[in-house]
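Input: a single structure, listed below in structure tokens.
Bear in mind these aren't lab numbers, they're just calculated from the coordinates by the rules spelled out. Fair warning: this is a prediction, and the values are worked out from it, not measured in the lab. Neighbour counts run over all protein chains shown; Cβ positions are idealised from the backbone, glycine included.
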Amino acid sequence: TTPTSSQYNLGVTTAPDQIELIERGTALANDNPAILAVIVLRDLFCRAHLNNITACVQPILIHLDNHDKWIPVDFPKYIFSEIMNSIKHHNSYLIIELLLGHLEKHFHQQDTANIKTSIMKVIQDCMVFAAATTGAGSTMFTGISRLLKFLRQSFQIQYTSNANNSLSNNQDEHEFQTAVINGIGDFAEKLPDFQMMEIMQFIITSLATLNQGYEETTNDSKDATLKLQILLLKTVKKVASTYQTVHRRETSTQTTFPHQLFDPLLKMMNAPEPEVRLIVLEILQSLVDRRQYADKLRKIKLPKDISQLELPTETKANRLFDIAFMKKFGRQFLSQLYACILMDNNTNDIFHAIYCLMNLVTLEAGDKDVLVDVIHFCFKIQCDLTKISDSNGNLHQSSQRRLSNTNENSIHALIAAYFNLMSKLNGISAFSQHVNEVVRNRERHAPYSLPANAFNSNTDETIPSRIPKDCLFSQEIVANALDASGHDTSKFDREYRPEPGRLFFKDYMIDS
């Protein structure tokens, strides 16, 4: 039986201990030579210094290549786990660099996608070990940059394979890409929050180079660029999802949303491709959701008893989502969300993601002003929907395109679900009664604008193009209900004017 890493932790032994272990291993070698082999391997790397580590690792890599030992991956993973447990921790990134260099060599060879995946899985384990023991230094960010380069190269190979109808190679490259994404995500999980933000920011920044020379590319190239963009966003999503709750509770929103990360995410909320918008919304959910409520809010529903959702019923003293952040940047955030919700190619999944994000922002803030802002935002959306239904309406520039009847009613259903949850959760009885009344009217006259019907397979031809007035929410009634419950409703006296083109840095400006 091969010994485990914990049996011989030579990374902390002294020279006499090592000699004793070697002598003991020699005595056992007749029964199991693997014991002596592991002891010698660990002793070698325990003694190794920076200037001779390469000479120790290269023969191992050559052996694994020459004897086809990368597959199955269990053996190389075991070998390098022993090395990482033996080597001095501050030298661990050199092992990763050597593996990355070896992986790069395999990119220049044919029919080795499965070998690349095995090497990547070994790198993944080494990265997790290094993050837990030494954190992420500048050297490791160089390593992540190389992984992103490999991700692009793999995608290009996959793109070429698709053109040549090579399904097997396509699947192998997909597995390699998944291994890279998981490797970066698992590595980030072991890091402090600020370094996780740096990794996400680093990946997001790399997206900016994808559209260089975009105008001169063919439609096929644009499609390939989009798929690569989605692949990189999935990497960011993987990192964002690794946030540990205990860390998120202690992290300020200013740290969670540095401008360099927040701005491009906001910009991509209005990307023309629905696949991009959906992933970006899910990334924002992961970053905002500090109490793990997203799973309870992913579907647009109208529950009569909200206690089954097990959501907070009052604001806690230690508010988890920085109110100062929403008061400073909430307008820009809602402006981008405004443009996103009125995109004409939104899918049901996008509407569910928008609903979830709206609720998370409101719940995590736990602030009356934030609640009023989002409600005011909803009334602006409802107002524009009624104008969209009227062909003679004068629309805001960013909402001039015609929405399908299905999408219009999906948005009406989304607003109804948000109002239902917030009115009941905050115990605003007059608001809740008004919501119940509108829902009853819709059940009789406009059932297509309720969640149960709005998100099924109805088509434009089967539903009306207008919603009756008594099936719309009254801003006056809601404002009075909020005012009576101690909310500042002065903002309702002014028309909500979204500014979707205003962001923090000109590099990410959006033309509304």
* Structure fact -> If the label point sits 7 Å along Cα→Cβ of Asn456, residues of segment 341-358 with amide N under 19 Å come out as 348-349, 352
* Computed P(r) (all Cα pairs; segment 39-115; 5 Å bins; percent) -> 3, 14, 27, 27, 17, 9, 4, 0
* Asked: Can you work out the FRET efficiency for the pair Thr205 and Arg440, with r the C-beta to C-beta distance and R0 = 45 Å, to the nearest 0.05?
  -> 0.35
* Asked: How much length is gained if the chain between Asp344 and Asn480 is pulled fully straight, taking 0.36 nm per residue apart and subtracting their Cα-Cα distance, in nm to one decimal?
  -> 45.7 nm
* **Separation of the Lys301 and Cys383 label points, Cα + 7 Å toward Cβ, nm** => 3.3
* Return, ordered by residue number, the residues of segment 173-209 whose backbone nitrogen is under 20 Å from a label point located 7 Å along Cα→Cβ of Lys149. => 176-185, 199-209
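For Glu104 and Arg291, what is the calculated FRET efficiency with R₀ set at 35 Å and r taken between the beta-carbons, to the nearest 0.05?
Using R0 = 35 Å, I get an efficiency of 0.25.
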* Say the cut-off is 21 Å between C-alpha atoms; which of Lys69/Lys121; Lys190/Lys227; Lys69/Lys190 go over it? -> Lys190/Lys227; Lys69/Lys190
* HN-Hα J couplings of segment 275-284 from phi, Karplus 6.51/-1.76/1.60, θ = phi - 60°, integer Hz, Gly and Pro as x? -> 4, 5, 4, 4, 5, 5, 4, 5, 5, 4
* **Label-point separation, Gln433 to Ile230 (7 Å along Cα→Cβ), nm** => 4.9
* Structure fact -> Taking 0.36 nm per residue of separation between Leu309 and Ser241 and subtracting their Cα-Cα distance, the length gained on full extension comes to 22.3 nm
* Least to most buried among Phe202, Phe419, Phe431 (fewest other Cβ within 10 Å first) -> Phe202, Phe419, Phe431
* Near-label residues of segment 348-388 by backbone N, under 20 Å of a point 7 Å along Cα→Cβ of Asp493 -> 368-377, 379-380
* Asked: Roughly speaking, what is the stretch gain from Ala34 to Lys222, that is 0.36 nm per residue apart minus the C-alpha to C-alpha distance, in nm to one decimal?
  -> 62.4 nm
* Based on the alpha-carbon gyration tensor of segment 55-94 and its eigenvalue square roots a ≥ b ≥ c, which shape applies: rounded if a/c is under 1.5, prolate if not and a/b is larger than b/c, or oblate? -> oblate
